[in-house]
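Chemist: What follows is a structure written as structure tokens; I'll ask about it next.
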Protein chains: 2
Amino acid sequence: MTLTAAPTSSDLPILRAVEELRAQVAAWRAEGLTVALVPTMGALHDGHLGLVRRGRELADRVVASVFVNPTQFAPHEDFDRYPRDEAGDAAKLASAGCHALYAPTVRAMYPQGFATAISVGGPAEGLCGAFRPQMFGGVALVVTKLFLQALPDVAVFGEKDYQQLMVIRRFTRDLDIPVRVEGLPTVREADGLAMSSRNAYLGADERARAPELHRALTAAAEALSRGADADGALTAIRGRIAEAGFGTIDYVELRDAESLEPVTAVARPARLLAAAWMGKARLIDNVPVAPAA
Amino acid sequence: MTLTAAPTSSDLPILRAVEELRAQVAAWRAEGLTVALVPTMGALHDGHLGLVRRGRELADRVVASVFVNPTQFAPHEDFDRYPRDEAGDAAKLASAGCHALYAPTVRAMYPQGFATAISVGGPAEGLCGAFRPQMFGGVALVVTKLFLQALPDVAVFGEKDYQQLMVIRRFTRDLDIPVRVEGLPTVREADGLAMSSRNAYLGADERARAPELHRALTAAAEALSRGADADGALTAIRGRIAEAGFGTIDYVELRDAESLEPVTAVARPARLLAAAWMGKARLIDNVPVAPAA
């Protein structure tokens, strides 16, 4: 099988077909090289590039995928206006040392007659799963496909989407997919705002207010680790972010760090997670909560 | 990793843990050998052994799995009384040239916290899918797991479960599982009865009447290929099997041979499929219908 990668200005091979991806991975494997996969929806920022750099630490070769996956968006959501910039993405990936970009078409991923769905319970329940019920099924479907198309040794995801990371760990284990799933701590702007492609939806004033989400979560996590009451900590977060100009608050919750089951006290590692709207941007963030010493 | 296969009287290695299965397959691959998987629910008969023999034609090594999968049975169905005979199965597999038996426990396949499900539309709709709505999801789940545990080159299934074969082809393609799915024509008793583990539920008189299902399907397929009307052909089957002593007829249908979409005329290869009860046994069968010349 010939590798027909089209060179770009950045000389990063762009693979369009699953056969090209598999040929590239097979060529690397034939050289005895290990492979990391970094699945993304494009609109890349420094958070994504951190995933690529982590992939380079974990494996000899890194392939990033860029695919805005329609099955994880509801009809009213931002699939159509989700930011897309393949040339910019390719240049950024090349600068971070990525070895190939896999960018399949929607039609190649979901051809006519496609009839399979995956659903995940457990960590997918509640939080974003309650507000975006289609999302984790769509994530499970596309990540399963990407894993089985590339069969990498390891795949790297950001902790910014912490619930997603736990869901991916869950179905990867449940389906016996032979891929190791690695999480990377959230990459943040200097003022603490979690990097996100959806930050592009923020106006200047909204952008200035948005970091309060992370500040409120961090302060509450510290209070919880000093033994503060959970209800009080959650109420404090809600108050702070409402005052900072966030509109609808989808959720602010304390969960077990692994199972994501709701907890009311921090006896073992926990996670504070929140989702709230700033203007037209739905922002999510989360921080670890260490048990009180 | 050490392979801790327990020898049996038949000297067929029995693998219990997924790590043992993967070590065995890896050892074969290290020798440059190809691998076929034959998934079964045990209670093996000559039909299953035909799958093993076909596996030997298609690959260098054959591993059969025996796992009565709870997720494809509804609570009222025969999971508990489904026939189980591992020693007998192992001896039969060895006699057919099988190289290893993989027999995991239910707890190993579905550990505590398991939270993932797969659903399939398209070919899973109607026919058995209408009467056993949980079945194909359960089949998709366990076959996906077995495929990803073993990662064989090819897997072999019988056409006796024709709809199941089409469902497996569908989700294997949809999820990009890198396993080739091969079907084997139904193995039959001398009088035409499709071999099935559930034939063990038939009393002597019922056993004598059961082959009429296949005779009726075959006669109707021939009539259809000569241009007979589909409604008439289906009605004739129903009449013949009711007269032979079948009780409830779950369905008798004419479908496209690939998509399994209902058809009313045989313009391209089609399939006649039926399910009906003889005493306590739900028997299924199907035959190809060639387009009229």
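Chemist: Anything in the stretch B:173-182 that is open to solvent by 10 Å² or more (accessible area, probe 1.4 Å) and in contact with a strand residue (DSSP E or B) (Cβ under 8 Å, 6 or more places away or on another chain)? List them, or say none.
Modeler: B:Val179, B:Arg180, B:Val181, B:Glu182 - these are the residues of the stretch B:173-182 that are open to solvent by 10 Å² or more (accessible area, probe 1.4 Å) and in contact with a strand residue (DSSP E or B) (Cβ under 8 Å, 6 or more places away or on another chain).
Chemist: Among the numbered criteria (1) touching a helix residue (DSSP H, G or I) at 6+ places or on another chain (Cβ under 7 Å); (2) among the small types (Gly, Ala, Ser); (3) at pLDDT below 95, which one does A:Ala230 miss?
Modeler: Unmet condition: (3).
Chemist: I've got another one for you. Select the helices (runs of 4 or more DSSP H) contained entirely in the stretch A:124-201, then report the ones holding at least 2 residues which are free of Cβ contacts under 8 Å to residues at least 24 places away in the same chain.
Modeler: Output list reads A:162-174.
Chemist: Show me the strands (runs of 3 or more DSSP E) entirely contained within the stretch B:203-292 in which 3 or more residues are open to solvent by 10 Å² or more (accessible area, probe 1.4 Å) and not aromatic (Phe, Trp, Tyr). Outline the logic, then answer.
Modeler: Numbers: elements: B:249-256, B:270-278, B:281-289.
Correct list: B:249-256, B:281-289.
Chemist: Filter the stretch A:101-117 down to residues that are open to solvent by 10 Å² or more (accessible area, probe 1.4 Å) and among the aliphatic types (A, V, I, L, M) and give me whichever is nearest to the other protein chains (Cβ to nearest Cβ).
Modeler: The residue in question is A:Ala115.
Chemist: Still on this structure: Which residue, of B:Ala210, B:Ala220, B:Ala140, B:Ala216, is within 30 Å of A:Ala140 (Cβ to Cβ) and in contact with a helix residue (DSSP H, G or I) (Cβ under 9 Å, 6 or more places away or on another chain)?
Modeler: Testing whether each residue is within 30 Å of A:Ala140 (Cβ to Cβ) and in contact with a helix residue (DSSP H, G or I) (Cβ under 9 Å, 6 or more places away or on another chain) leaves just B:Ala140.
Chemist: Which number in (1) open to solvent by less than 50 Å² (accessible area, probe 1.4 Å); (2) within 13 Å of chain A (Cβ to nearest Cβ) marks the one condition that B:Gly138 misses?
Modeler: Only one criterion is unmet by B:Gly138, namely (2).
Chemist: Exactly one of (1) without any contact (Cβ under 8 Å) to a residue 40 or more places away in the chain; (2) buried (at least 19 other Cβ atoms within 10 Å of the Cβ); (3) closer than 19 Å to A:Ser196 by Cβ is unmet by A:Gln72. Its number?
Modeler: Failing condition for A:Gln72: (1).
Chemist: If you don't mind, another one. Give just the number: which of (1) crowded, with 21+ Cβ neighbours inside 10 Å; (2) within 14 Å of another protein chain (Cβ to nearest Cβ); (3) hydrophobic (A, V, I, L, M, F, W, C) does B:Ala155 not satisfy?
Modeler: Tallying (1) crowded, with 21+ Cβ neighbours inside 10 Å; (2) within 14 Å of another protein chain (Cβ to nearest Cβ); (3) hydrophobic (A, V, I, L, M, F, W, C), B:Ala155 fails exactly one: (2).
The values are calculated or read from the model by the stated rules, or taken from the named source; none is laboratory data. What you see is a predicted model, and the numbers here were worked out from it, not measured in a lab. Cβ sites come from the backbone with ideal geometry, for glycine too, and all protein chains shown count toward neighbours. Just so you know, the surface numbers come from the protein's heavy atoms only, side chains and all, with ligands and any DNA or RNA stripped out. Shrake-Rupley method; radii C 1.70, N 1.55, O 1.52, S 1.80 Å.
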